Amino acid sequence: MNFGIIGFGYTGKQHARALTQLHEALVGVAEVDPEKRAESQVKSYRDYRSLVEDPTIDAVSVCLPHSLHEEVTSAALEAGKHVLVEKPLAMSVEEGERLCRLAKQVSRVMMVEMTHRFMPPLVEARELIQQGEIGEVLAVEDVVVESFGLFGSLPQWMFQRDQAGGGVGLTSGIHLLDHVSWLTGQALVLDSARFGYSQRLGDVEDTAAFSLSLNNGAPVHILLCLRAEGSGLEGRLNIYGENGTLRVEPWHGWKLELSDASREKAHFEDHLSIAERALVGMQGAIAEFIEAISKGRSPHPGPEETLVSQRIVEQAYQQASA
(Lines give C-alpha, C1' and ligand atoms only; values in the text may rest on other atoms or scores of the structure.)
Protein backbone atom coordinates (compact mmCIF):
# COMPACT_ATOMS: atom_id res chain seq x y z
CA MET A 1 0.00 0.00 0.00
CA ASN A 2 1.42 3.39 -0.99
CA PHE A 3 1.02 6.28 1.44
CA GLY A 4 1.16 10.04 1.17
CA ILE A 5 1.43 12.49 4.05
CA ILE A 6 -0.17 15.92 3.87
CA GLY A 7 1.59 18.28 6.28
CA PHE A 8 5.20 17.46 7.19
CA GLY A 9 5.68 19.18 10.52
CA TYR A 10 6.42 17.29 13.74
CA THR A 11 3.35 15.03 13.52
CA GLY A 12 3.79 14.32 9.81
CA LYS A 13 7.37 13.24 10.47
CA GLN A 14 6.15 10.93 13.24
CA HIS A 15 3.70 9.36 10.80
CA ALA A 16 6.60 8.83 8.40
CA ARG A 17 8.64 7.10 11.14
CA ALA A 18 5.69 4.88 12.03
CA LEU A 19 5.18 3.88 8.40
CA THR A 20 8.86 3.01 8.06
CA GLN A 21 8.79 0.85 11.18
CA LEU A 22 5.65 -0.88 9.86
CA HIS A 23 7.45 -1.48 6.53
CA GLU A 24 4.86 0.49 4.59
CA ALA A 25 5.76 2.61 1.57
CA LEU A 26 5.75 6.39 1.93
CA VAL A 27 5.85 7.66 -1.64
CA GLY A 28 4.79 11.31 -1.38
CA VAL A 29 4.62 14.32 0.93
CA ALA A 30 2.67 17.55 0.48
CA GLU A 31 4.00 20.56 2.41
CA VAL A 32 3.95 24.30 1.72
CA ASP A 33 7.23 24.95 3.59
CA PRO A 34 10.12 24.18 1.18
CA GLU A 35 12.55 23.36 4.02
CA LYS A 36 10.18 20.77 5.48
CA ARG A 37 9.48 19.41 2.00
CA ALA A 38 13.19 18.87 1.47
CA GLU A 39 13.37 16.71 4.61
CA SER A 40 10.93 14.13 3.27
CA GLN A 41 13.38 12.21 0.99
CA VAL A 42 10.43 11.15 -1.18
CA LYS A 43 8.50 12.80 -3.98
CA SER A 44 7.16 16.09 -2.69
CA TYR A 45 4.37 18.48 -3.61
CA ARG A 46 3.72 22.05 -2.60
CA ASP A 47 -0.03 21.68 -3.21
CA TYR A 48 -1.88 18.83 -1.52
CA ARG A 49 -4.21 18.59 -4.52
CA SER A 50 -1.36 17.25 -6.65
CA LEU A 51 -0.69 14.53 -4.09
CA VAL A 52 -4.29 13.34 -3.79
CA GLU A 53 -4.56 13.23 -7.60
CA ASP A 54 -1.50 10.94 -7.83
CA PRO A 55 -2.92 7.55 -8.92
CA THR A 56 -0.01 5.65 -7.33
CA ILE A 57 -1.04 6.74 -3.82
CA ASP A 58 -3.65 4.59 -2.05
CA ALA A 59 -3.98 6.30 1.33
CA VAL A 60 -3.04 9.59 2.96
CA SER A 61 -2.41 10.95 6.44
CA VAL A 62 -3.69 14.46 7.14
CA CYS A 63 -1.41 16.27 9.62
CA LEU A 64 -2.50 19.88 9.23
CA PRO A 65 -4.04 22.72 11.25
CA HIS A 66 -7.53 21.66 12.31
CA SER A 67 -9.14 24.37 10.20
CA LEU A 68 -7.91 22.58 7.05
CA HIS A 69 -9.06 19.07 7.96
CA GLU A 70 -12.46 19.15 6.31
CA GLU A 71 -11.25 20.71 3.05
CA VAL A 72 -8.25 18.42 2.60
CA THR A 73 -9.91 15.23 3.83
CA SER A 74 -12.89 15.83 1.53
CA ALA A 75 -10.59 16.29 -1.45
CA ALA A 76 -8.68 13.10 -0.63
CA LEU A 77 -11.85 11.03 -0.20
CA GLU A 78 -13.31 12.36 -3.44
CA ALA A 79 -10.05 11.44 -5.18
CA GLY A 80 -10.55 7.85 -4.03
CA LYS A 81 -8.01 7.80 -1.19
CA HIS A 82 -8.41 6.20 2.21
CA VAL A 83 -7.71 8.83 4.86
CA LEU A 84 -6.13 8.82 8.33
CA VAL A 85 -6.74 12.15 10.06
CA GLU A 86 -4.95 13.50 13.11
CA LYS A 87 -7.40 14.33 15.90
CA PRO A 88 -9.76 16.10 15.98
CA LEU A 89 -11.47 14.88 12.82
CA ALA A 90 -12.45 18.46 11.95
CA MET A 91 -12.86 21.91 13.50
CA SER A 92 -16.37 21.08 14.66
CA VAL A 93 -18.67 18.11 15.12
CA GLU A 94 -20.81 19.41 12.27
CA GLU A 95 -17.84 19.35 9.89
CA GLY A 96 -16.86 15.91 11.17
CA GLU A 97 -20.34 14.55 10.51
CA ARG A 98 -20.12 15.80 6.93
CA LEU A 99 -16.84 13.94 6.48
CA CYS A 100 -18.35 10.74 7.92
CA ARG A 101 -21.20 10.92 5.42
CA LEU A 102 -18.79 11.54 2.55
CA ALA A 103 -16.55 8.60 3.51
CA LYS A 104 -19.57 6.30 3.39
CA GLN A 105 -20.74 7.73 0.07
CA VAL A 106 -17.39 7.07 -1.62
CA SER A 107 -16.80 3.76 0.21
CA ARG A 108 -13.41 4.69 1.62
CA VAL A 109 -11.92 4.04 5.04
CA MET A 110 -11.55 7.16 7.15
CA MET A 111 -10.04 6.95 10.62
CA VAL A 112 -8.98 9.44 13.29
CA GLU A 113 -5.51 8.75 14.72
CA MET A 114 -6.29 8.22 18.41
CA THR A 115 -2.88 7.33 19.84
CA HIS A 116 -4.14 6.59 23.36
CA ARG A 117 -6.36 3.73 22.17
CA PHE A 118 -3.19 1.86 21.20
CA MET A 119 -0.87 2.66 24.11
CA PRO A 120 -0.06 -0.70 25.79
CA PRO A 121 -0.72 0.46 29.39
CA LEU A 122 -4.19 1.71 28.43
CA VAL A 123 -4.98 -1.38 26.35
CA GLU A 124 -4.13 -3.67 29.27
CA ALA A 125 -5.94 -1.43 31.77
CA ARG A 126 -9.10 -1.84 29.72
CA GLU A 127 -8.66 -5.62 29.76
CA LEU A 128 -8.27 -5.61 33.55
CA ILE A 129 -11.49 -3.63 33.97
CA GLN A 130 -13.36 -5.89 31.54
CA GLN A 131 -12.15 -8.92 33.51
CA GLY A 132 -13.76 -7.44 36.62
CA GLU A 133 -10.51 -6.98 38.54
CA ILE A 134 -11.67 -3.79 40.31
CA GLY A 135 -15.40 -4.53 40.20
CA GLU A 136 -17.85 -1.73 39.52
CA VAL A 137 -16.21 1.61 38.84
CA LEU A 138 -16.89 4.09 41.66
CA ALA A 139 -14.91 7.16 40.50
CA VAL A 140 -12.30 8.27 37.97
CA GLU A 141 -9.69 11.01 37.98
CA ASP A 142 -7.44 11.74 35.00
CA VAL A 143 -4.70 14.39 34.92
CA VAL A 144 -2.27 15.41 32.17
CA VAL A 145 0.18 18.30 32.50
CA GLU A 146 2.45 18.77 29.49
CA SER A 147 5.08 21.39 28.72
CA PHE A 148 5.67 23.37 25.53
CA GLY A 149 9.04 21.79 24.83
CA LEU A 150 7.84 18.20 25.09
CA PHE A 151 7.60 17.61 21.35
CA GLY A 152 9.69 20.55 20.18
CA SER A 153 8.31 24.02 19.61
CA LEU A 154 4.55 24.06 19.09
CA PRO A 155 3.30 25.65 15.84
CA GLN A 156 1.70 29.06 16.26
CA TRP A 157 -1.58 27.96 14.71
CA MET A 158 -2.25 25.88 17.83
CA PHE A 159 -2.69 29.11 19.81
CA GLN A 160 -5.24 30.60 17.40
CA ARG A 161 -8.84 29.52 17.90
CA ASP A 162 -9.77 30.15 14.27
CA GLN A 163 -7.20 27.55 13.19
CA ALA A 164 -7.11 25.15 16.14
CA GLY A 165 -10.73 25.27 17.28
CA GLY A 166 -9.68 25.39 20.93
CA GLY A 167 -6.77 24.91 23.30
CA VAL A 168 -5.73 22.07 25.58
CA GLY A 169 -9.36 21.20 26.33
CA LEU A 170 -9.80 20.18 22.70
CA THR A 171 -6.36 19.02 21.58
CA SER A 172 -5.63 16.85 24.64
CA GLY A 173 -9.11 16.66 26.14
CA ILE A 174 -10.39 14.56 23.25
CA HIS A 175 -7.84 11.87 24.16
CA LEU A 176 -8.74 11.77 27.85
CA LEU A 177 -12.49 11.91 27.36
CA ASP A 178 -12.23 9.13 24.81
CA HIS A 179 -10.00 6.80 26.79
CA VAL A 180 -11.99 7.14 30.03
CA SER A 181 -15.17 6.14 28.23
CA TRP A 182 -13.38 3.39 26.30
CA LEU A 183 -11.66 1.91 29.37
CA THR A 184 -14.77 1.88 31.54
CA GLY A 185 -17.14 0.85 28.74
CA GLN A 186 -19.51 3.64 29.74
CA ALA A 187 -20.66 6.88 28.16
CA LEU A 188 -19.72 10.21 29.74
CA VAL A 189 -22.16 12.97 30.63
CA LEU A 190 -20.84 16.49 31.13
CA ASP A 191 -21.81 18.23 34.37
CA SER A 192 -19.61 21.34 34.18
CA ALA A 193 -16.32 22.65 32.85
CA ARG A 194 -13.84 25.42 33.61
CA PHE A 195 -11.09 26.86 31.41
CA GLY A 196 -8.02 28.93 32.31
CA TYR A 197 -6.11 31.45 30.19
CA SER A 198 -3.48 32.60 32.70
CA GLN A 199 -0.50 31.96 30.41
CA ARG A 200 -2.07 34.00 27.59
CA LEU A 201 -1.51 31.50 24.82
CA GLY A 202 -3.07 33.42 21.98
CA ASP A 203 -6.83 33.18 22.36
CA VAL A 204 -7.05 29.52 23.47
CA GLU A 205 -7.12 28.00 26.96
CA ASP A 206 -4.01 26.58 28.62
CA THR A 207 -5.95 24.77 31.38
CA ALA A 208 -9.18 22.79 31.29
CA ALA A 209 -11.17 20.95 33.94
CA PHE A 210 -14.13 18.70 33.14
CA SER A 211 -16.58 17.40 35.74
CA LEU A 212 -18.53 14.46 34.34
CA SER A 213 -20.31 11.25 35.29
CA LEU A 214 -20.48 7.73 33.89
CA ASN A 215 -23.66 5.88 33.04
CA ASN A 216 -23.70 4.32 36.50
CA GLY A 217 -23.48 7.77 38.14
CA ALA A 218 -19.80 7.49 39.10
CA PRO A 219 -18.10 10.91 39.13
CA VAL A 220 -15.26 11.64 36.70
CA HIS A 221 -12.79 14.50 36.98
CA ILE A 222 -10.44 15.38 34.11
CA LEU A 223 -7.77 18.07 34.44
CA LEU A 224 -5.45 19.23 31.65
CA CYS A 225 -2.74 21.86 31.63
CA LEU A 226 -0.31 23.08 28.98
CA ARG A 227 2.68 24.63 30.76
CA ALA A 228 4.93 27.21 29.10
CA GLU A 229 8.08 26.14 30.95
CA GLY A 230 10.05 22.91 30.66
CA SER A 231 9.72 19.82 28.50
CA GLY A 232 8.12 17.30 30.85
CA LEU A 233 4.89 15.34 30.90
CA GLU A 234 2.81 14.17 33.85
CA GLY A 235 0.01 11.74 33.16
CA ARG A 236 -1.97 9.94 35.86
CA LEU A 237 -5.24 8.05 35.51
CA ASN A 238 -6.78 6.57 38.66
CA ILE A 239 -9.84 4.33 38.38
CA TYR A 240 -11.40 3.49 41.74
CA GLY A 241 -13.52 0.34 41.91
CA GLU A 242 -15.41 -1.56 44.56
CA ASN A 243 -12.60 -4.15 44.76
CA GLY A 244 -9.56 -1.91 44.43
CA THR A 245 -7.78 0.80 42.45
CA LEU A 246 -6.20 0.73 39.01
CA ARG A 247 -3.50 3.38 38.53
CA VAL A 248 -2.38 3.99 34.95
CA GLU A 249 0.44 6.09 33.55
CA PRO A 250 -0.19 5.95 29.78
CA TRP A 251 3.49 6.56 28.92
CA HIS A 252 4.83 4.12 31.52
CA GLY A 253 2.65 1.30 32.83
CA TRP A 254 -0.08 0.36 35.32
CA LYS A 255 -0.49 -0.75 38.94
CA LEU A 256 -3.43 -2.73 40.28
CA GLU A 257 -4.05 -2.34 44.01
CA LEU A 258 -6.49 -4.82 45.57
CA SER A 259 -7.34 -5.36 49.23
CA ASP A 260 -5.32 -8.58 49.45
CA ALA A 261 -2.64 -8.09 46.79
CA SER A 262 -1.18 -5.79 44.19
CA ARG A 263 0.66 -6.15 40.92
CA GLU A 264 2.12 -3.79 38.36
CA LYS A 265 3.65 -3.72 34.92
CA ALA A 266 5.96 -1.27 33.17
CA HIS A 267 5.73 -1.21 29.37
CA PHE A 268 8.53 1.18 28.46
CA GLU A 269 12.21 1.35 29.31
CA ASP A 270 13.23 4.47 31.20
CA HIS A 271 15.64 5.69 28.52
CA LEU A 272 12.87 6.04 25.92
CA SER A 273 11.62 9.57 25.31
CA ILE A 274 7.92 10.43 25.53
CA ALA A 275 7.94 10.89 21.75
CA GLU A 276 9.31 7.36 21.29
CA ARG A 277 6.68 5.95 23.63
CA ALA A 278 3.88 7.85 21.88
CA LEU A 279 5.16 6.49 18.57
CA VAL A 280 4.19 2.99 19.76
CA GLY A 281 0.56 4.12 20.02
CA MET A 282 0.74 5.83 16.64
CA GLN A 283 2.09 2.67 15.03
CA GLY A 284 -0.83 0.75 16.50
CA ALA A 285 -3.32 3.24 15.09
CA ILE A 286 -1.75 3.15 11.62
CA ALA A 287 -1.63 -0.65 11.69
CA GLU A 288 -5.36 -0.69 12.51
CA PHE A 289 -6.03 1.73 9.65
CA ILE A 290 -4.12 -0.50 7.21
CA GLU A 291 -5.90 -3.65 8.42
CA ALA A 292 -9.31 -1.99 8.06
CA ILE A 293 -8.48 -1.10 4.45
CA SER A 294 -7.11 -4.55 3.60
CA LYS A 295 -10.11 -6.33 5.12
CA GLY A 296 -12.71 -3.89 3.83
CA ARG A 297 -14.11 -3.16 7.30
CA SER A 298 -14.67 -0.14 9.50
CA PRO A 299 -11.71 0.90 11.67
CA HIS A 300 -11.70 0.83 15.47
CA PRO A 301 -12.42 3.40 16.64
CA GLY A 302 -14.71 4.57 13.86
CA PRO A 303 -14.71 8.28 13.04
CA GLU A 304 -18.24 8.74 14.41
CA GLU A 305 -17.06 7.38 17.77
CA THR A 306 -14.34 10.02 18.06
CA LEU A 307 -16.92 12.76 17.53
CA VAL A 308 -18.56 11.76 20.84
CA SER A 309 -15.67 13.28 22.80
CA GLN A 310 -15.51 16.33 20.56
CA ARG A 311 -19.23 16.88 21.15
CA ILE A 312 -18.57 16.98 24.91
CA VAL A 313 -15.78 19.54 24.40
CA GLU A 314 -18.07 21.72 22.29
CA GLN A 315 -20.75 21.51 24.97
CA ALA A 316 -18.18 22.54 27.58
CA TYR A 317 -17.09 25.56 25.53
CA GLN A 318 -20.72 26.60 25.14
CA GLN A 319 -21.33 26.29 28.90
CA ALA A 320 -18.22 28.32 29.69
CA SER A 321 -19.17 31.15 27.35
CA ALA A 322 -22.83 31.35 28.46
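The values are calculated or read from the model by the stated rules, or taken from the named source; none is laboratory data. Since the model is a prediction, treat every value here as computed from it, not as a measurement. Heads up, the Cβs are rebuilt from the backbone with ideal geometry, glycines too, and the neighbour counts pull from every protein chain shown.
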Within the stretch 214-233, track down each residue that is surrounded by fewer than 18 Cβ atoms within 10 Å (Cβ to Cβ) and either more than 18 Å from L177 (Cβ to Cβ) or not assigned by TED's automatic domain parsing to the domain that holds G135 (or both). A228, E229, G230, S231, G232
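Conditions tested, residue by residue: (1) among the basic types (K, R); (2) touching a Pro at 6+ places or on another chain (Cβ under 8 Å); (3) within 22 Å of D47 (Cα to Cα).
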| site | (1), (2), (3) |
| --- | --- |
| E86 | no, no, yes |
| V93 | no, no, no |
| C100 | no, yes, no |
| Q105 | no, no, no |
| M111 | no, yes, no |
| T115 | no, no, no |
| F118 | no, no, no |
| E124 | no, no, no |
| G132 | no, no, no |
The condition of being assigned to a helix (DSSP H, G or I), loosely packed, with under 15 Cβ neighbours inside 10 Å and either among the basic types (K, R) or assigned by TED's automatic domain parsing to the domain that holds E124 (or both) holds, among E276, E264, only for E276
Residue identified as among the charged types (D, E, K, R), more than 30 Å from G132 (Cβ to Cβ), modelled with pLDDT of 95 or more and surrounded by fewer than 17 Cβ atoms within 10 Å (Cβ to Cβ) among R200, R236, R194: R194
Evaluate the following for G167: is it crowded, with 21+ Cβ neighbours inside 10 Å and either modelled with pLDDT of 95 or more or under 19 Å from A275 (Cα atoms) (or both)? yes
I'd like to know if the stretch 108-120 contains one or more residues that are under 17 Å from the mean Cα position of the chain (by Cα), assigned to a loop (DSSP other than H, G, I, E, B), under 25 Å from G296 (Cα atoms) and among the hydrophobic types (A, V, I, L, M, F, W, C). yes
Those residues that are of a type outside the set (K, R) and surrounded by fewer than 21 Cβ atoms within 10 Å (Cβ to Cβ), I need them from the stretch 239-250; list them, please. Y240, E242, N243, G244, T245, E249
Taking the stretch 25-50 only, how many residues are surrounded by 19 or more Cβ atoms within 10 Å (Cβ to Cβ) and either under 12 Å from N2 (Cα atoms) or among the aromatic types (F, W, Y) (or both)? 5
Out of (1) modelled with pLDDT under 95; (2) assigned to a loop (DSSP other than H, G, I, E, B), the odd one out for S298 is which? (1)
Please verify whether S107 is surrounded by fewer than 22 Cβ atoms within 10 Å (Cβ to Cβ), modelled with pLDDT of 95 or more and of a type in the set (S, T, N, Q), treating the condition exactly as stated. yes
Residues of the stretch 232-253 satisfying the condition of being among the aromatic types (F, W, Y) and either part of a strand (DSSP E or B) or over 17 Å from S273 (Cα atoms) (or both): Y240
Any idea how many residues of the stretch 125-153 are buried (at least 16 other Cβ atoms within 10 Å of the Cβ) and outside any strand (DSSP E or B)? 8
Taking Q186, is it within 21 Å of the chain's Cα centre (by Cα), assigned by TED's automatic domain parsing to the domain that holds G149 and not in a strand (DSSP E or B)? yes
